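The values are calculated or read from the model by the stated rules, or taken from the named source; none is laboratory data. Note that the structure is a prediction, hence the values are computed from the model and not measured. Quick reminder, even Gly has a Cβ in these numbers, built from the backbone with ideal geometry, and neighbours come from all protein chains shown.
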Amino acid sequence: METAIVIIFILGYLGITLEHTIKIDKLVPALLMMAICWALIAFGLDDFVNWFDSDSHEMVKGFASLPHEAQGHGPSKMMWFESTLLHHFGKTCEILVFLIGAMTIVEIIDHFNGFATIKNFIKTKKKIYLLWIICILAFILSAIIDNLTATIVLITILRKLIKDNKDRMWFAGLIIIAANAGGAWSPIGDVTTTMLWMGKKVSSTKLVKLLITPSLICMVIPTVIASFLKPFKDNFEPPKDEIKEIKHGSTMLVLGLAAIIFVPIFKTVTHLPPYVGMMLSLAIVTFVGEILSSRQFSLHSLSNDSSSESDSHSNSPIFRALSKIEMPSILFFLGILMTVAALESLGIVFNLGKSVQESIPINFFVLLLGAGSAVIDNVPLVAASMGMFDLAMDNTVWHFIAYSAGTGGSMLIIGSAAGVVAMGMEKISFFWYLKNIAWLAAIGYLTGACSFLLFQSL
């Protein structure tokens, strides 16, 4: 039965990797393999000899000899199955609720066109200056609103500044590198760092302390090299049309970003899970947004007292924000995290981790994991690594995993969410990116990794 579960995982993973080839959204194979894997575990429960206790991070002793159903108050295989499934579902939902809250706040900011404020600060007409401004913004914004959203925001702004698509492709390539680097050092900057933070593998303060310098190097080195390339030598002429900043846009931008930054502080002070702080931040941002929106009325709206409840909802920032968040991404994370949890429950992931530690140096393995994240989605890679290693919180290995998984994906355009969204927005081909941007990303990844290892050895 274990072999069948592994085969289902491999087939599902192939479906995720070949998403653009088979024209099926990756959430479909992710959800399918989740459901099938757990169903196979339920059907073959009596045949398994190993079971992994995620709470104590060790194998359950004598699992093979346990009865199927509970006899009295003693343990049983069904008891372990149900408690493990509930445990993993609860931990997964913590991450998903956190992401939904963050996505909603960002959409509320966008509802007020708050990001237009950023565009108004860009006054230069030199490409090289714009390159550094955009990359620095990507590095900072991705640490606050996640690398995916930062990429969308900055490419949208870039479209208002540069007409030529070929020029924008070069800028978009560097945005991907900078955004992924910025997301790696923040507990809320990337899904993988969020997973490690909420899984109590890293603390927010230690993560920032250890990774901000390697991540900065990962961003700066490619940007410095790109500054000498021909596409960034000339000037550009912005289009005549301007973005009209909606009233209260700057207010909601500052409030929204401050609310997201507040989440790690809330966790440190209260010791509550991060999603609780995110829900508090969402409530505050929504409350202010609703008040500001209620002031924007017209005589026409006052004359239509008979309008339906759905119409009134359509004018609400929270209603619009919730309708625009990336639910396919949320469902994909649910599927992939619960599938990896199924493999972890059978001890497969843990045994693999023990084999890795005995065969190759762990830092070399993590370096390869980062390179692998350029081909394979980094979410399941990090999820698997969390079940592989029995290491204390804030062990440097966890921080190296956060860096490698976060920045390694920049080496291929399909290796990160930021790359995929840029690929769609600017119609960047896989081979164009491989030829022009991948080598810059590889240099940034390796120099940042070397600096991390060097700092740890001092």
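Summary table below
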item: Neighbours by Cβ (under 7 Å, 6+ apart or cross-chain): first from the range 66-87, at negative phi and touching a residue at least 24 places away in the same chain (Cβ under 8 Å); second part of a helix (DSSP H, G or I) and of a type in the set (S, T, N, Q); result: Thr84/Ser345
item: Cβ pairs under 7 Å, 6+ apart, first in the range 445-457 and under 14 Å from Ser373 (Cβ atoms), second surrounded by fewer than 18 Cβ atoms within 10 Å (Cβ to Cβ); result: none
item: Subset of the range 38-65 that is in a helix (DSSP H, G or I) and under 30 Å from the mean Cα position of the chain (by Cα) - its residue that is surrounded by the fewest Cβ atoms within 10 Å (Cβ to Cβ); result: Ala39
item: The range 1-34, subset among the hydroxyl-bearing types (Ser, Thr, Tyr) and in contact (Cβ under 8 Å) with a residue 24 or more places away in the chain, residue surrounded by the most Cβ atoms within 10 Å (Cβ to Cβ); result: Tyr13
item: Members of the range 1-31 that are more than 17 Å from Ala417 (Cα to Cα) and among the acidic types (Asp, Glu); result: Glu2
item: Which numbered condition His111 fails, given (1) touching a Lys or Arg at 6+ places or on another chain (Cβ under 6 Å); (2) surrounded by fewer than 19 Cβ atoms within 10 Å (Cβ to Cβ); result: (2)
item: In the range 413-442, residue surrounded by the fewest Cβ atoms within 10 Å (Cβ to Cβ) [restricted to those that are among the charged types (D, E, K, R) and within 13 Å of Ala172 (Cα to Cα)]; result: Lys427
item: Checklist (1) β-branched (Val, Ile, Thr); (2) at pLDDT below 80; (3) out of contact with any Phe, Trp or Tyr (no Cβ under 7 Å at 6 or more places or on another chain) applied to Val356, failing item; result: (3)
item: Unmet requirement for Met198, which otherwise passes all of (1) farther than 24 Å from Ala341 by Cα; (2) surrounded by fewer than 24 Cβ atoms within 10 Å (Cβ to Cβ); (3) in contact (Cβ under 8 Å) with a residue 24 or more places away in the chain; result: (1)
item: Pick from the range 1-27, criterion over 26 Å from Asn50 (Cβ atoms) and either modelled with pLDDT of 90 or more or not in a helix (DSSP H, G or I) (or both), ranking: nearest to the chain's Cα centre (by Cα); result: Lys26
item: Residues located in the range 322-333, provided they are over 13 Å from the mean Cα position of the chain (by Cα) and either surrounded by fewer than 16 Cβ atoms within 10 Å (Cβ to Cβ) or farther than 15 Å from Ile24 by Cβ (or both); result: Leu322, Ser323, Lys324, Ile325, Met327, Pro328
item: Count of residues meeting criterion [buried (at least 24 other Cβ atoms within 10 Å of the Cβ) and more than 18 Å from Val421 (Cβ to Cβ)] in the range 161-186; result: 2
item: Filter result for Val375 (touching a residue at least 40 places away in the same chain (Cβ under 8 Å), among the β-branched types (Val, Ile, Thr) and in contact with a helix residue (DSSP H, G or I) (Cβ under 9 Å, 6 or more places away or on another chain)); result: yes
item: Only one of Ser451, Ser457 that is crowded, with 17+ Cβ neighbours inside 10 Å, on the phi < 0 side of the Ramachandran plot and more than 23 Å from the chain's Cα centre (by Cα); result: Ser451
item: Residue satisfying condition, being touching a residue at least 24 places away in the same chain (Cβ under 8 Å) and in contact with a Leu (Cβ under 8 Å, 6 or more places away or on another chain), within set Thr251, Thr268; result: Thr251
item: Selection status of Lys427, over 22 Å from Thr205 (Cβ atoms), of a type in the set (Lys, Arg) and touching a residue at least 40 places away in the same chain (Cβ under 8 Å); result: yes
item: Identity of the residue in the range 66-108, of a type in the set (S, T, N, Q) and either surrounded by 15 or more Cβ atoms within 10 Å (Cβ to Cβ) or not in a helix (DSSP H, G or I) (or both), that ends up farthest from the chain's Cα centre (by Cα); result: Gln71
item: One residue from Phe319, Phe350, Phe332 being under 30 Å from Trp398 (Cβ atoms) and at pLDDT 75 or above; result: Phe332
